[in-house]
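Worksheet: one structure, shown below.
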Amino acid sequence: MINYRNTSIVWLLVTLVFILSGLNFNLLYGYGFLTLIYIVLLIIGSIKINWNFYFKSRSHGRRQVSEIALTFDDGPDESKTIKILDILKKHNIEAAFFSVGNKIEKNISVFNQIVEAGHIIGNHSYSHSFWFDFYSPARMVREINRTDQLIQKYSGKKSLLFRPPYGVTNPFLSKALKKTGHISVSWSLRSFDTTKKKDDMMRHLKRRLKDGDIILFHDTSKVTAEVLEDFINFIKKKGKKIVGLDKLLKISAYDS
Ligand SMILES: [Zn+2]
């Protein structure tokens, strides 16, 4: 299995052989090449969350069961989240919102509406900073705990689910999550609602949808609410059921 631990062990052994060879110049190119491969694996493992390179993230439910879960990241947003909540309510759907701590503080009444509607709340860091992945494990823990405290303050529940900002993983985040005890949740189907146009997005979603999928949306994108109802109707027409993330993954979303 290609993961951080295994590839690091192999690279260390290669390094050891190179050192024991007396830093043989003839082996230098080979050693350099293997080191380059190691670095490339570290980078791809960091970007591709579903490689589970640094730690395991849950990306989908059982593929044999016609169930789908909807997730919304980066909110709450003062206007766009409300539109999404209205559509979910109309169709009686339970979704998961991976909320950002500083957005909760800015939009408390919206956050309360998510909670009151009975949706699952996950932790998506406090700052969602571009530099989050360069933070020390201790700083990551502080961010995660700060958002957890906000979630607990307004929902009364201790969230167990965490989604890494930008879907980027690394050894620091691995350490941080071991400390906080969160389950990392990724996705199996990206909506590309932050980059694609409405029609392209729908085409992509309809073509790729599979049983057990966790769909990634953003409740900060305008286009999300515009396609959501059509997409929900499409899922229903296909005979698939939209369930809560906890039910899809057979896990508890909160610490009891
Ligand atoms: Zn995000």
Residue, nearest to the ligand (Cβ to nearest atom), within the stretch 58-73, restricted to residues that are out of contact with any helix residue (DSSP H, G or I) (no Cβ under 7 Å at 6 or more places or on another chain) and within 18 Å of residue 191 (Cβ to Cβ): 73
Residues of the stretch 97-115 that turn out to be outside any helix (DSSP H, G or I) and either more than 18 Å from residue 221 (Cβ to Cβ) or within 19 Å of the chain's Cα centre (by Cα) (or both), as a count: 4
Residue tally, condition surrounded by fewer than 20 Cβ atoms within 10 Å (Cβ to Cβ), within 29 Å of residue 94 (Cβ to Cβ) and either acidic (Asp, Glu) or away from the ligand (no atom under 16 Å from the Cβ) (or both), over the stretch 116-140: 3
Residue 27 vs. criteria under 29 Å from the mean Cα position of the chain (by Cα), free of Cβ contacts under 8 Å to residues at least 40 places away in the same chain and surrounded by 13 or more Cβ atoms within 10 Å (Cβ to Cβ): no
Tally of residues being under 25 Å from residue 78 (Cβ atoms) and out of contact with any helix residue (DSSP H, G or I) (no Cβ under 6 Å at 6 or more places or on another chain) across the stretch 193-217: 6
Boolean, residue 192 is aromatic (Phe, Trp, Tyr) and within 13 Å of the ligand (Cβ to nearest atom): no
Counted residues, the stretch 158-179 - those being surrounded by fewer than 20 Cβ atoms within 10 Å (Cβ to Cβ) and more than 12 Å from the ligand (Cβ to nearest atom): 7
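Residues checked against (1) at pLDDT below 95; (2) assigned by TED's automatic domain parsing to the domain that holds residue 172:
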residue: 29; (1), (2): yes, no
residue: 39; (1), (2): no, no
residue: 63; (1), (2): no, yes
residue: 74; (1), (2): no, yes
residue: 81; (1), (2): no, yes
residue: 93; (1), (2): no, yes
residue: 101; (1), (2): no, yes
residue: 109; (1), (2): no, yes
residue: 123; (1), (2): no, yes
Identity of the residue in the stretch 180-199, more than 17 Å from residue 53 (Cβ to Cβ) and surrounded by 23 or more Cβ atoms within 10 Å (Cβ to Cβ), that ends up nearest to the chain's Cα centre (by Cα): 191
Those residues of the stretch 143-157 which are surrounded by 15 or more Cβ atoms within 10 Å (Cβ to Cβ) and of a type outside the set (Val, Ile, Thr), in sequence order: 143, 145, 146, 148, 150, 152, 154, 155, 157
Failed item in (1) within 15 Å of the chain's Cα centre (by Cα); (2) closer than 29 Å to residue 243 by Cβ, with residue 45 passing the rest: (2)
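The values are calculated or read from the model by the stated rules, or taken from the named source; none is laboratory data. Model, not experiment: these values are computed from the prediction. Note: ideal-geometry Cβ built from the backbone for every residue, glycine included; neighbour counts use all protein chains shown.
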